[in-house]
Amino acid sequence: MENKNKNKSFSALKTVLSLLVLIAALAVFAYWGFNKNGLTLQGVISAALALGIFALAVILLIPKAIRFFSGEDTSAPRPIGDRSSKRERLHPILGVMLSVLAARVLVVIIAYIMGRVFRGYPGSIFSTMRDIWLKLDTDAPHYFSIAEYGYPTEPPLMYTIVFLPLFPMLIRAFNLIFADSFVSAMIINTLCSCGAAAVIYELALCDMGRRSARLAVLFTFMLPAAIFFIAPMSEPLFLLLSASTLLALRREKFWLAAVLGALASFTRSVGIIMIVPFAAEAVAYAVRTAKRGGSKALGGVIVKLIACCLIMCLGTFAYLLINKLIWGDWFKFMEFQREIWYQKLTLFFETTATQMDQLFMTFGVKNESALGLWLPNLLFVFGALAVFVASARTLRTSYSLYFAAYIAVTCGASWLLSAPRYLTALVVLPLALAHLCESRDDGVALARARAKTAAVTVILCIGQILYLLMYVLDYSIY
């Protein structure tokens, strides 16, 4: 009888929450539609599709989220054999790191060949590589400027305050040895990429077998925009810090997670979104603690978790303080973002409408922008949403909530030009892909898993080659 009542309560709560999500989505879309000027048919359709997929994913994760926040650990522990049951000549983590290093070298070589063939760079190998990877219309020159000169308050570089300082600080430190910002940035990103591979492998092992963990690493660095992990930009550092934060959370090391999350938010402004998985894991941990030890044990845990949450916010606070000290305005970076890049926060599905309109306007007229900028942006946004909805029932709840928050915030920048790069730095995206390709015990399921893995790998590989070619050809890729 008790189980029957519990099931009824669970079903009722699931229904109520699902209806609330659906009503909220419809209300927001209606409000946007009635207040937005210049709507087009293709824009409305793309916006409705994006919001619909997003809402469906949230509805699908509700049952798992209810169990998660009620203190039920829905993640089955991995058998020891899945992790490491035999000695190998090469430690799995070292193997993963060396594989990523080799993949980076291969991409660099391919980019060099593309540059020589299609653009005919006449200089030395090093100067050619610098010309290819130091793309002047990306964020890289701004990071170098901050590393070498700090945050100026006079034209023309005063707007560099919109870029966060941790990556330039590391470049400045490495410049003490190498005296070249490009070389320093490339070395930093190589180290961060290899480190991120090791952390992602360990993070995946929390929920998956070794095969799927290796797939998670493979997919991370095979996403088309993973070429930005080689370019002198902050994505590899952010990927390393955000993955490390999630791994610390999974191991219930909340103090360490707080510090790593603060560093992530001192690297990129979207790092503050790490507060979402932190809060989810913290609530679930507090509920489990209350069930095990009662209210006496809960008090100390709540104090610790609140303190950790405050520490995690220090990275963002430090960046805002820099704005205040230099410009006398905590949010000066937002002013520059509006004035120079014409960007402000908006609804993420409005961005897809804008991008779709731009695709229709430029296709056949300015194909470089249509195929190099707007189409990849749309493919990445809708591709990420498709992975989100497909993995909502299986992915860990804290990861799914991070997925949702990250898409809503990063894709909520009006005139978004960098969706591929932003979404490639979302560590739970390749984890979700690996979940979808995970193999089971029976032969039929194993064959299907291998087929899905092969299909995803081929699609990502072709996408990265095409994206790399457009990058080398100096398309509008940001």
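The values are calculated or read from the model by the stated rules, or taken from the named source; none is laboratory data. Here the structure is a predicted model, which means the values were calculated and not measured. Cβ sites come from the backbone with ideal geometry, for glycine too, and all protein chains shown count toward neighbours.
Each residue in region 268-301 was checked for being under 26 Å from Leu395 (Cα atoms) and loosely packed, with under 15 Cβ neighbours inside 10 Å, and 2 pass. Cβ-Cβ distances below 6 Å connect the following pairs, each with a first residue in region 227-255 that is more than 13 Å from Ala140 (Cβ to Cβ) and among the aromatic types (Phe, Trp, Tyr), a second residue that is at pLDDT 95 or above and assigned to a loop (DSSP other than H, G, I, E, B), and a separation of six or more residues or different chains: Phe238/Thr267; Phe238/Arg268; Phe238/Ala425. Counting only helices (runs of 4 or more DSSP H) that fall entirely inside region 334-452 and contain at least 1 residues that are more than 30 Å from Ser193 (Cβ to Cβ), the qualifying elements are 348-362. Based on this model, can you work out whether Thr457 counts as farther than 22 Å from Met233 by Cβ and of a type in the set (S, T, N, Q)? When the stated conditions are applied, Thr457 passes them.
Among the residues of region 141-170, write down those that are touching a helix residue (DSSP H, G or I) at 6+ places or on another chain (Cβ under 6 Å), touching a residue at least 40 places away in the same chain (Cβ under 8 Å) and aliphatic (A, V, I, L, M). Hits for region 141-170 are Ile161, Val162, Leu164, Leu170. For region 15-71, filtered to residues that are part of a helix (DSSP H, G or I) and among the charged types (D, E, K, R), the residue that is nearest to Tyr402 (Cα to Cα) is Lys64.
For region 164-183, indicate whether the set of residues that are crowded, with 22+ Cβ neighbours inside 10 Å and either over 30 Å from Gly328 (Cα atoms) or touching a His at 6+ places or on another chain (Cβ under 7 Å) (or both) is non-empty. The answer is no, given that none of the residues of region 164-183 is crowded, with 22+ Cβ neighbours inside 10 Å and either over 30 Å from Gly328 (Cα atoms) or touching a His at 6+ places or on another chain (Cβ under 7 Å) (or both). Among the residues of region 394-416, those that are surrounded by fewer than 20 Cβ atoms within 10 Å (Cβ to Cβ), over 19 Å from Ala434 (Cβ atoms) and not small (Gly, Ala, Ser) comprise Val409, Trp415. Met208 meets each of the listed conditions (1) touching a Ser or Thr at 6+ places or on another chain (Cβ under 9 Å); (2) over 21 Å from Phe380 (Cβ atoms); (3) assigned to a loop (DSSP other than H, G, I, E, B) apart from (1).
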